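I have placed the structure first, in the form of C-alpha coordinates, so that the comments after it can refer back to it.
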Amino acid sequence: MASQDWLEKDFYAILGVDKNASAEQIKKAYRKLARKYHPDANPGDAAAEQRFKEITEANTVLSDPKQRQEYDQLRAMGASGARFTAPGGGNAGGFEDIFSGLFGQAGGGRHSGFSDVFGGFGGGGAGGQSFGGFQQAPTKGADLKSAITISFADAIRGTTTKVNTGYGAPTEVRVPSGVKDGQTVRVKGKGQQGTGGRGDLMVKVSVASHPVFERDDYNIRLKVPVSFDEAVLGTTIEVPTLDGTVKIGVPAGSSSGRVLRLRGRGVKTAKRTGDLLVELVIEVPANLNDEAHAAVEAYRAATADIDPRAELIKKAKL
(Lines give C-alpha, C1' and ligand atoms only; values in the text may rest on other atoms or scores of the structure.)
Protein backbone atom coordinates (compact mmCIF):
# COMPACT_ATOMS: atom_id res chain seq x y z
CA MET A 1 0.00 0.00 0.00
CA ALA A 2 1.39 3.42 -0.93
CA SER A 3 1.70 6.19 1.65
CA GLN A 4 -0.99 8.18 -0.13
CA ASP A 5 -3.47 5.37 0.57
CA TRP A 6 -2.63 5.51 4.27
CA LEU A 7 -3.36 9.22 4.34
CA GLU A 8 -6.71 8.77 2.65
CA LYS A 9 -7.98 5.97 4.89
CA ASP A 10 -8.91 6.14 8.57
CA PHE A 11 -8.24 2.60 9.73
CA TYR A 12 -9.41 3.38 13.26
CA ALA A 13 -12.78 4.50 11.94
CA ILE A 14 -13.02 1.44 9.70
CA LEU A 15 -12.65 -0.83 12.74
CA GLY A 16 -14.77 1.46 14.91
CA VAL A 17 -12.11 1.99 17.60
CA ASP A 18 -10.40 4.98 19.14
CA LYS A 19 -6.93 5.94 17.93
CA ASN A 20 -5.62 5.09 21.41
CA ALA A 21 -7.22 1.63 21.37
CA SER A 22 -5.18 -1.23 22.79
CA ALA A 23 -4.01 -4.17 20.69
CA GLU A 24 -6.65 -6.34 22.37
CA GLN A 25 -9.43 -3.85 21.57
CA ILE A 26 -8.34 -3.76 17.93
CA LYS A 27 -8.25 -7.55 17.78
CA LYS A 28 -11.70 -7.83 19.34
CA ALA A 29 -13.19 -5.24 16.98
CA TYR A 30 -11.69 -6.94 13.93
CA ARG A 31 -13.01 -10.36 14.89
CA LYS A 32 -16.50 -9.00 15.44
CA LEU A 33 -16.57 -7.29 12.04
CA ALA A 34 -14.88 -10.19 10.26
CA ARG A 35 -17.56 -12.58 11.45
CA LYS A 36 -20.23 -10.21 10.20
CA TYR A 37 -18.79 -9.45 6.75
CA HIS A 38 -16.88 -12.66 5.97
CA PRO A 39 -17.59 -13.85 2.37
CA ASP A 40 -18.56 -17.29 3.66
CA ALA A 41 -21.35 -15.66 5.67
CA ASN A 42 -22.39 -13.37 2.80
CA PRO A 43 -22.17 -15.39 -0.42
CA GLY A 44 -22.62 -13.24 -3.52
CA ASP A 45 -22.69 -9.96 -1.55
CA ALA A 46 -20.13 -7.68 -3.25
CA ALA A 47 -20.60 -4.89 -0.70
CA ALA A 48 -19.92 -7.24 2.21
CA GLU A 49 -16.85 -8.58 0.42
CA GLN A 50 -15.50 -5.05 -0.09
CA ARG A 51 -16.20 -4.20 3.55
CA PHE A 52 -14.37 -7.36 4.62
CA LYS A 53 -11.33 -6.34 2.55
CA GLU A 54 -11.33 -2.90 4.18
CA ILE A 55 -11.46 -4.21 7.75
CA THR A 56 -8.81 -6.82 6.94
CA GLU A 57 -6.56 -4.12 5.51
CA ALA A 58 -7.11 -1.94 8.58
CA ASN A 59 -6.39 -4.82 10.93
CA THR A 60 -3.22 -5.74 9.04
CA VAL A 61 -1.77 -2.29 9.67
CA LEU A 62 -3.07 -1.61 13.18
CA SER A 63 -2.30 -5.07 14.57
CA ASP A 64 1.38 -4.71 13.59
CA PRO A 65 3.10 -2.36 16.10
CA LYS A 66 5.67 -1.15 13.55
CA GLN A 67 3.13 -0.47 10.79
CA ARG A 68 0.79 1.20 13.27
CA GLN A 69 3.54 3.56 14.42
CA GLU A 70 4.40 4.50 10.85
CA TYR A 71 0.72 5.00 10.04
CA ASP A 72 0.15 7.23 13.09
CA GLN A 73 3.22 9.33 12.30
CA LEU A 74 2.22 9.74 8.68
CA ARG A 75 -1.36 10.67 9.58
CA ALA A 76 -0.10 13.19 12.15
CA MET A 77 2.12 14.92 9.58
CA GLY A 78 -0.67 14.97 7.02
CA ALA A 79 -3.20 16.36 9.49
CA SER A 80 -0.95 19.16 10.78
CA GLY A 81 -0.20 20.49 7.27
CA ALA A 82 3.44 21.03 8.32
CA ARG A 83 3.41 24.54 6.87
CA PHE A 84 6.57 26.69 6.70
CA THR A 85 7.21 30.39 6.18
CA ALA A 86 8.91 31.20 2.91
CA PRO A 87 11.57 33.89 2.55
CA GLY A 88 9.96 37.31 2.54
CA GLY A 89 7.16 36.29 4.89
CA GLY A 90 5.00 34.41 2.39
CA ASN A 91 3.32 31.12 3.19
CA ALA A 92 5.08 28.43 1.20
CA GLY A 93 2.21 25.94 1.32
CA GLY A 94 1.67 22.61 2.99
CA PHE A 95 3.77 19.55 3.70
CA GLU A 96 3.14 18.19 0.23
CA ASP A 97 4.22 21.49 -1.35
CA ILE A 98 7.57 21.39 0.49
CA PHE A 99 8.48 17.97 -0.87
CA SER A 100 6.99 18.55 -4.30
CA GLY A 101 9.11 21.68 -4.58
CA LEU A 102 12.21 19.66 -3.90
CA PHE A 103 11.46 17.06 -6.51
CA GLY A 104 9.30 19.03 -8.97
CA GLN A 105 10.20 20.84 -12.15
CA ALA A 106 12.17 24.06 -12.03
CA GLY A 107 10.52 27.40 -12.76
CA GLY A 108 7.13 26.68 -11.22
CA GLY A 109 6.19 23.72 -13.42
CA ARG A 110 4.08 20.72 -12.30
CA HIS A 111 5.44 19.27 -9.05
CA SER A 112 5.54 15.68 -7.88
CA GLY A 113 3.01 14.80 -5.18
CA PHE A 114 3.54 13.62 -1.60
CA SER A 115 3.03 9.98 -2.59
CA ASP A 116 5.75 10.30 -5.25
CA VAL A 117 8.31 11.29 -2.63
CA PHE A 118 7.59 8.45 -0.21
CA GLY A 119 6.30 5.82 -2.59
CA GLY A 120 8.62 6.53 -5.50
CA PHE A 121 11.84 5.48 -3.80
CA GLY A 122 11.06 1.78 -3.88
CA GLY A 123 7.78 1.48 -5.78
CA GLY A 124 4.87 -0.73 -4.89
CA GLY A 125 5.61 -4.33 -5.79
CA ALA A 126 2.87 -6.72 -6.77
CA GLY A 127 0.79 -7.68 -3.76
CA GLY A 128 3.09 -5.84 -1.34
CA GLN A 129 3.02 -2.56 0.55
CA SER A 130 5.55 0.25 0.15
CA PHE A 131 6.52 2.87 2.72
CA GLY A 132 9.63 5.00 2.67
CA GLY A 133 11.10 2.91 -0.14
CA PHE A 134 10.80 -0.37 1.76
CA GLN A 135 8.75 -3.18 0.26
CA GLN A 136 6.54 -5.02 2.73
CA ALA A 137 5.48 -8.54 1.88
CA PRO A 138 1.79 -9.50 2.04
CA THR A 139 0.75 -10.74 5.47
CA LYS A 140 -0.88 -14.11 5.96
CA GLY A 141 -4.03 -14.11 8.07
CA ALA A 142 -3.97 -15.28 11.67
CA ASP A 143 -4.52 -18.92 12.57
CA LEU A 144 -7.77 -19.89 14.27
CA LYS A 145 -7.97 -22.37 17.16
CA SER A 146 -10.68 -24.86 17.96
CA ALA A 147 -11.12 -28.12 19.88
CA ILE A 148 -13.07 -31.35 19.40
CA THR A 149 -13.65 -34.58 21.33
CA ILE A 150 -13.86 -37.87 19.45
CA SER A 151 -14.39 -41.49 20.48
CA PHE A 152 -11.55 -43.93 21.12
CA ALA A 153 -12.53 -45.96 18.04
CA ASP A 154 -12.59 -42.86 15.80
CA ALA A 155 -9.13 -41.88 17.06
CA ILE A 156 -7.75 -45.29 16.11
CA ARG A 157 -9.52 -45.59 12.75
CA GLY A 158 -9.59 -41.89 11.75
CA THR A 159 -12.71 -39.87 11.08
CA THR A 160 -14.11 -36.72 9.49
CA THR A 161 -16.04 -34.15 11.50
CA LYS A 162 -17.09 -30.50 11.31
CA VAL A 163 -15.90 -27.59 13.43
CA ASN A 164 -17.70 -24.29 13.96
CA THR A 165 -15.08 -21.51 14.01
CA GLY A 166 -17.48 -18.57 14.13
CA TYR A 167 -16.47 -17.52 10.61
CA GLY A 168 -19.07 -18.63 8.11
CA ALA A 169 -20.17 -22.24 7.61
CA PRO A 170 -18.69 -25.08 9.72
CA THR A 171 -15.31 -26.32 8.52
CA GLU A 172 -14.78 -29.98 7.66
CA VAL A 173 -11.83 -31.51 9.51
CA ARG A 174 -10.24 -34.83 8.58
CA VAL A 175 -8.76 -36.50 11.64
CA PRO A 176 -6.07 -39.05 10.63
CA SER A 177 -6.01 -42.58 12.01
CA GLY A 178 -3.90 -42.99 15.13
CA VAL A 179 -4.36 -39.44 16.40
CA LYS A 180 -3.34 -39.08 20.05
CA ASP A 181 -5.19 -37.39 22.88
CA GLY A 182 -4.12 -33.72 22.98
CA GLN A 183 -2.68 -33.76 19.45
CA THR A 184 -3.37 -30.79 17.16
CA VAL A 185 -4.60 -31.24 13.61
CA ARG A 186 -3.86 -28.43 11.12
CA VAL A 187 -6.39 -27.55 8.42
CA LYS A 188 -4.61 -25.33 5.89
CA GLY A 189 -6.28 -22.17 4.55
CA LYS A 190 -9.22 -22.17 6.98
CA GLY A 191 -8.03 -19.39 9.29
CA GLN A 192 -8.50 -15.61 9.12
CA GLN A 193 -8.09 -13.75 5.84
CA GLY A 194 -4.99 -11.61 5.40
CA THR A 195 -3.47 -9.59 2.57
CA GLY A 196 -1.27 -12.58 1.76
CA GLY A 197 -3.92 -15.26 2.07
CA ARG A 198 -5.78 -17.09 4.81
CA GLY A 199 -4.21 -18.57 7.90
CA ASP A 200 -4.80 -22.12 9.12
CA LEU A 201 -7.26 -23.74 11.50
CA MET A 202 -5.59 -25.51 14.44
CA VAL A 203 -7.85 -28.15 15.98
CA LYS A 204 -6.89 -29.73 19.33
CA VAL A 205 -8.21 -33.29 19.58
CA SER A 206 -9.35 -34.87 22.84
CA VAL A 207 -9.95 -38.63 22.81
CA ALA A 208 -12.65 -40.08 25.04
CA SER A 209 -11.72 -43.09 27.18
CA HIS A 210 -12.99 -46.58 26.30
CA PRO A 211 -14.53 -48.99 28.86
CA VAL A 212 -12.44 -51.93 27.57
CA PHE A 213 -9.50 -50.76 25.48
CA GLU A 214 -6.55 -48.59 26.53
CA ARG A 215 -3.89 -47.08 24.29
CA ASP A 216 -0.20 -47.72 24.98
CA ASP A 217 1.77 -45.76 22.38
CA TYR A 218 1.11 -47.69 19.13
CA ASN A 219 -0.30 -50.70 21.00
CA ILE A 220 -3.79 -51.27 22.41
CA ARG A 221 -4.13 -53.01 25.78
CA LEU A 222 -6.99 -55.22 26.87
CA LYS A 223 -7.56 -57.12 30.13
CA VAL A 224 -9.33 -60.47 29.63
CA PRO A 225 -10.64 -62.57 32.51
CA VAL A 226 -9.94 -66.33 32.41
CA SER A 227 -11.08 -69.05 34.81
CA PHE A 228 -8.71 -70.96 37.08
CA ASP A 229 -8.97 -74.16 35.06
CA GLU A 230 -8.42 -72.30 31.75
CA ALA A 231 -5.22 -70.78 33.11
CA VAL A 232 -3.99 -74.12 34.53
CA LEU A 233 -4.93 -76.44 31.68
CA GLY A 234 -4.74 -74.00 28.77
CA THR A 235 -7.49 -73.25 26.26
CA THR A 236 -8.58 -71.15 23.30
CA ILE A 237 -10.65 -68.05 24.06
CA GLU A 238 -12.40 -65.35 22.05
CA VAL A 239 -11.34 -61.74 22.68
CA PRO A 240 -12.76 -58.46 21.33
CA THR A 241 -10.92 -56.07 19.02
CA LEU A 242 -12.04 -52.79 17.44
CA ASP A 243 -12.85 -54.80 14.30
CA GLY A 244 -14.74 -57.69 15.87
CA THR A 245 -13.68 -60.74 17.89
CA VAL A 246 -10.71 -63.06 17.30
CA LYS A 247 -9.53 -66.30 18.88
CA ILE A 248 -6.32 -66.59 20.85
CA GLY A 249 -4.64 -69.52 22.59
CA VAL A 250 -4.02 -69.41 26.33
CA PRO A 251 -0.97 -71.56 27.18
CA ALA A 252 -1.32 -74.07 30.00
CA GLY A 253 0.08 -72.82 33.29
CA SER A 254 -0.59 -69.14 32.58
CA SER A 255 -0.54 -66.83 35.57
CA SER A 256 -2.61 -63.73 36.11
CA GLY A 257 -0.88 -60.76 34.46
CA ARG A 258 0.57 -62.73 31.58
CA VAL A 259 0.42 -60.74 28.32
CA LEU A 260 -0.39 -62.35 24.99
CA ARG A 261 0.31 -60.41 21.77
CA LEU A 262 -1.89 -60.21 18.69
CA ARG A 263 0.31 -58.62 16.02
CA GLY A 264 -1.08 -55.93 13.74
CA ARG A 265 -4.24 -55.39 15.81
CA GLY A 266 -3.13 -52.11 17.38
CA VAL A 267 -2.83 -48.51 16.14
CA LYS A 268 -2.25 -48.21 12.40
CA THR A 269 -0.62 -45.12 10.88
CA ALA A 270 1.35 -44.41 7.72
CA LYS A 271 4.57 -44.89 9.69
CA ARG A 272 3.83 -47.80 12.00
CA THR A 273 1.37 -50.51 13.06
CA GLY A 274 1.05 -51.61 16.68
CA ASP A 275 -0.26 -54.77 18.36
CA LEU A 276 -3.12 -55.78 20.63
CA LEU A 277 -1.75 -56.73 24.07
CA VAL A 278 -4.05 -59.14 25.90
CA GLU A 279 -3.43 -59.29 29.65
CA LEU A 280 -4.84 -62.37 31.38
CA VAL A 281 -6.65 -61.88 34.68
CA ILE A 282 -7.57 -65.07 36.56
CA GLU A 283 -11.15 -64.75 37.73
CA VAL A 284 -11.78 -66.43 41.10
CA PRO A 285 -15.44 -67.32 41.74
CA ALA A 286 -16.92 -65.86 44.90
CA ASN A 287 -19.31 -68.73 45.53
CA LEU A 288 -18.85 -72.47 44.84
CA ASN A 289 -21.37 -75.27 44.98
CA ASP A 290 -20.59 -78.34 47.05
CA GLU A 291 -19.16 -80.30 44.14
CA ALA A 292 -16.84 -77.49 43.04
CA HIS A 293 -15.79 -76.83 46.64
CA ALA A 294 -14.89 -80.48 47.10
CA ALA A 295 -12.87 -80.41 43.88
CA VAL A 296 -10.85 -77.44 45.10
CA GLU A 297 -10.25 -79.15 48.44
CA ALA A 298 -8.98 -82.20 46.57
CA TYR A 299 -6.69 -79.97 44.45
CA ARG A 300 -5.28 -78.33 47.57
CA ALA A 301 -4.50 -81.69 49.09
CA ALA A 302 -2.86 -82.87 45.88
CA THR A 303 -0.59 -79.79 45.67
CA ALA A 304 0.18 -79.39 49.38
CA ASP A 305 3.92 -79.69 48.73
CA ILE A 306 3.95 -76.73 46.31
CA ASP A 307 4.65 -73.32 47.87
CA PRO A 308 3.95 -70.46 45.40
CA ARG A 309 5.77 -67.97 47.66
CA ALA A 310 8.96 -69.92 48.23
CA GLU A 311 10.92 -68.09 45.52
CA LEU A 312 9.70 -64.72 46.75
CA ILE A 313 10.88 -65.35 50.31
CA LYS A 314 14.22 -66.63 49.01
CA LYS A 315 14.82 -63.50 46.97
CA ALA A 316 13.81 -61.25 49.89
CA LYS A 317 16.68 -62.67 51.96
CA LEU A 318 19.34 -61.77 49.39
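Summary of values
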item	result
Single condition residue 37 does not satisfy, out of (1) touching a helix residue (DSSP H, G or I) at 6+ places or on another chain (Cβ under 7 Å); (2) under 28 Å from residue 77 (Cβ atoms); (3) surrounded by 17 or more Cβ atoms within 10 Å (Cβ to Cβ)	(2)
Region 135-181, residues that are basic (Lys, Arg), assigned to a loop (DSSP other than H, G, I, E, B), more than 14 Å from the chain's Cα centre (by Cα) and at pLDDT 90 or above	none
Residue under evaluation residue 213, criteria (1) out of contact with any strand residue (DSSP E or B) (no Cβ under 7 Å at 6 or more places or on another chain); (2) closer than 29 Å to residue 158 by Cβ, criterion not met	(1)
Boolean, residue 176 is touching a Gly at 6+ places or on another chain (Cβ under 6 Å) and not basic (Lys, Arg)	yes
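The values are calculated or read from the model by the stated rules, or taken from the named source; none is laboratory data. The model shown is predicted, which means the values in this text are computed figures rather than measured ones. No Cβ is skipped: glycine too gets one built from the backbone with ideal geometry, and neighbour counts run over all protein chains shown.
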